[in-house]
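Below is one structure, written out as structure tokens, with a few remarks after it.
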């Protein structure tokens with residue numbers, strides 16, 4: 001479940017950046033620049049999130065409930 005959370009965060013942030021950039025293009029009349037900038041900002045923010053979340057998991061700052069949700073039998077693969 002953690003892998004799908006991290007992967008989907010990259011996709012969701014990039015798509016949100018696309019739409020924010022498209023909106024900025026319509027307002028500022030700067031056709032491809034806003035969209036490209038929005039995608040890069042969204043992707044960059046998602047990478048920051050993935051790194052921080054990965055550090056939380058590896059340092060054990062995530063509750064056992066979050067890790068237990070990742071497996072069907074309640075055992076972590078990090079043992």
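Read the figures in this text as sums done on the coordinates, not as results from a lab. Computed from a predicted model, the values in this text were never measured in an experiment. Every residue, glycine as well, gets a Cβ built from its backbone with ideal geometry; the counts of neighbours run over all protein chains shown.
Would you kindly calculate the mean projected area, averaged across all directions, of the convex hull enclosing the Cα atoms of segment 2-68, in square nanometres?
Dividing the Cα hull surface by four gives the mean projection, 4.6 nm².
Say each of residue 41 and residue 9 gets a label point 7 Å from the Cα, pointing the same way as Cα to Cβ; how far apart are those two points in nm?
Distance between the two pseudo-spin positions: 2.0 nm.
State the extension gain, in nm to one decimal, for the chain segment bounded by residue 19 and residue 61, taking 0.36 nm per residue of separation less the distance between their alpha-carbons.
Full extension from residue 19 to residue 61 adds 11.8 nm.
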